[in-house]
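The values are calculated or read from the model by the stated rules, or taken from the named source; none is laboratory data. Every value quoted in this text rests on a predicted model; they were computed, and no experiment measured them. Ideal geometry is used to build each Cβ from the backbone, glycine not excepted, and the neighbour counts take in all protein chains shown. Ligands, DNA and RNA are excluded from the accessible area calculation, which covers all protein heavy atoms including side chains. Shrake-Rupley method; radii C 1.70, N 1.55, O 1.52, S 1.80 Å.
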Amino acid sequence: MTPSLSCLPSLVDRFSIQEEKIDLPLLRKAIETPTCGAIVTFEGLVRNHHEGRDVSALHYAHHPIMAEPEGQKILEETLQKFPITHAIAVHRIGDLKIGEIAVVTLTASAHREAAFDANRYLIDSIKFNVPIWKYETYTDGESEWTAPCPGCARKSKEHTCQSNQAPPKPH
């Protein structure tokens, strides 16, 4: 049984990391207010392929000290930068199955344009800057840490991501 929203710590205007499956209906209900004319939700799902290879398993790891504060900073920047009323972002860690939600972002505003723009900014900033790493196992038995963001893959000079140092191989 899911606890009532009044029993939970505030989910609204927060970035969080969790091992448990993401409860999207709970998050949707938490962000809804009478002033909202639009709620935009992005769900990042675990897919069964990556760069032409078949994926059989996926593991997410995070920097235990830096990840949540960096994600919260990004969420707060999003709230300041866009005319939105609320935002929520949740990222999973641990072992995930194909098709499960790995990350979700929700943005709410009076009008759809702000909610769409803020949501795109929020998810792109999280993927680019928050130290969360993805370890993929392929159907051929090989496995590897994959680049967490395009900047890490390019190693561009403008890139400020702190997540380009992957942790040790998971057990």
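Laid out as a table, the results:
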read-out	value
Subset of region 54-78 [charged (D, E, K, R) and closer than 26 Å to Phe116 by Cβ]	Glu68, Glu70, Lys73, Glu76, Glu77
Residue in region 59-74 that is part of a loop (DSSP other than H, G, I, E, B) and buried (at least 19 other Cβ atoms within 10 Å of the Cβ) present	no
Strands (runs of 3 or more DSSP E) fully within region 77-125 counting 2 or more residues that are surrounded by 24 or more Cβ atoms within 10 Å (Cβ to Cβ)	86-92, 101-109
Single condition Lys73 does not satisfy, out of (1) within 16 Å of Asn129 (Cβ to Cβ); (2) touching a residue at least 24 places away in the same chain (Cβ under 8 Å)	(2)
Residues being open to solvent by 70 Å² or more (accessible area, probe 1.4 Å) and either farther than 27 Å from His63 by Cβ or at pLDDT below 90 (or both) - total across region 4-33	8
In region 34-58, the residues that are under 19 Å from the mean Cα position of the chain (by Cα), surrounded by fewer than 17 Cβ atoms within 10 Å (Cβ to Cβ) and in a loop (DSSP other than H, G, I, E, B)	Arg47, Asn48
